[in-house]
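Inspection log for the structure reproduced underneath, given as C-alpha cells.
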Amino acid sequence: MTAYQEIIKLLPQLPFEVLKDIERRTGDWMWSRGNEDDPYIRQQLRYGKRFVEEYGKRPLIRTQSAVHLAILTLSFNFICKCFLFKRKPKGP
C-alpha cells in the first residue's frame, strides 16, 4: 500500500482542519508530478499518524460529508494525475 493510500484510510480519524491541510499539501504535490510514495507524501502520513496518536482520544465533531469531500478530492487528484501524465496507478 502506498503512502497516499494510507493517508486516504487515515482521513476519517482526523479533525477537519488537519484533513484539509493534508489534502491540500498532497494534492499540490501530486499535481506537480510527485509520486504517491515520495518522501514528502510519507512525511504527510507521519504527520497525520502523529496527530491521531496524540489527539485521537478526543471526540471529533464534524460531518461525514466533510470526510467524503476530502477523500473524493484526494481520489480526484490521483486519477487526474494518472490520466494527465499517463501513469498506471499502483494498486494495493
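Points to keep in mind about this one:
- Per residue, the average separation of C-alpha pairs within less than 8 Å and at least 6 apart gives the range 3-48 a relative contact order of 66 percent.
- For the range 14-28, the Karplus equation 6.51 cos²θ - 1.76 cosθ + 1.60, evaluated at θ = phi - 60°, returns couplings of 9, x, 4, 5, 5, 4, 5, 5, 5, 4, 5, 5, 5, x, 4 Hz by residue, with Gly and Pro reported as x.
- Cα gyration tensor, the range 1-44 - rounded (a/c under 1.5), prolate or oblate: oblate
Since every read-out is calculated from the coordinates, none of them should be taken as a lab result. The structure presented is a predicted model; accordingly, all values stated were derived computationally and were not measured.
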